[in-house]
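Nothing in this text is a laboratory measurement; each read-out follows from the coordinates by a stated rule. All of these numbers come straight from a predicted model, not from anything done at the bench. Neighbour counts run over all protein chains shown; Cβ positions are idealised from the backbone, glycine included.
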Amino acid sequence: MKKLLQLEYLGQWFAAYALTLWFGFPAWWFWAWLLVPDVSMIGYLINRRVGAWSYNLAHHHLTAFACVAIGLSLGTSSYLLFTGLLLWGHSGMDRLFGYGLKYEQGFKFTHLGKIGPEKGPAELL
């Protein structure tokens, strides 16, 4: 099942890129801006709850689709349309690599399971 989900997320990532091209945005924009949604992790500087909330807002499919829908209503050259496609593609990429939506317990706790090594650094040696 994990491989099937990874294939789905890979498809999501590249579908977002293909739609970016279809709507006439320059190809390099997608790749240049791809990691910008991770700026949402800045919320973790305040606390885990704010961090999880801000990260999830930027990585949730509903946020991406709302941007796409509003962007389409404004015209196909809308920056909001591009932002929605970018958010959708970025979340697909993140989930492909195991970074899911965050729980308030901390950054390592996601809806896809715990990320990172199970043992502490001292136990790995």
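Values as computed for the structure displayed
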quantity: Options [x] 2, 12, 18, 21, 18, 14, 9, 4, 2, 1, 0, 0; [y] 2, 10, 18, 24, 20, 16, 8, 3, 0; [z] 2, 9, 17, 18, 17, 13, 10, 8, 4, 1, 0 - which one matches P(r) over Cα pairs in 5 Å bins from 0, in percent as calculated here; calculated: [x]
quantity: Nearest-ten-degree value, helix 48-59 long axis tilted from longest Cα axis of the chain; calculated: 30 degrees
quantity: Calculated FRET efficiency for the pair Lys3/Gln105, C-beta based, R₀ 25 Å, to 0.05; calculated: 0.40
quantity: Over the range 1-65: Rg over Rh, Cα atoms, Kirkwood Rh; calculated: 1.06
quantity: Asp94, Asp38 arranged by Cβ crowding within 10 Å, fewest neighbours leading; calculated: Asp38, Asp94
quantity: Distance from the range 60-109 to the range 5-45 (C-alpha centre basis), Å; calculated: 8 Å
quantity: By average C-beta atoms within 10 angstrom, highest first, the peptides 13-20, 100-107; calculated: 13-20, 100-107
quantity: Distance in nm between pseudo-label sites at Met41 and Ser73 (7 Å out along the Cβ direction from Cα); calculated: 3.4 nm
quantity: Distance in nm between pseudo-label sites at Ile115 and Arg48 (7 Å out along the Cβ direction from Cα); calculated: 1.6 nm
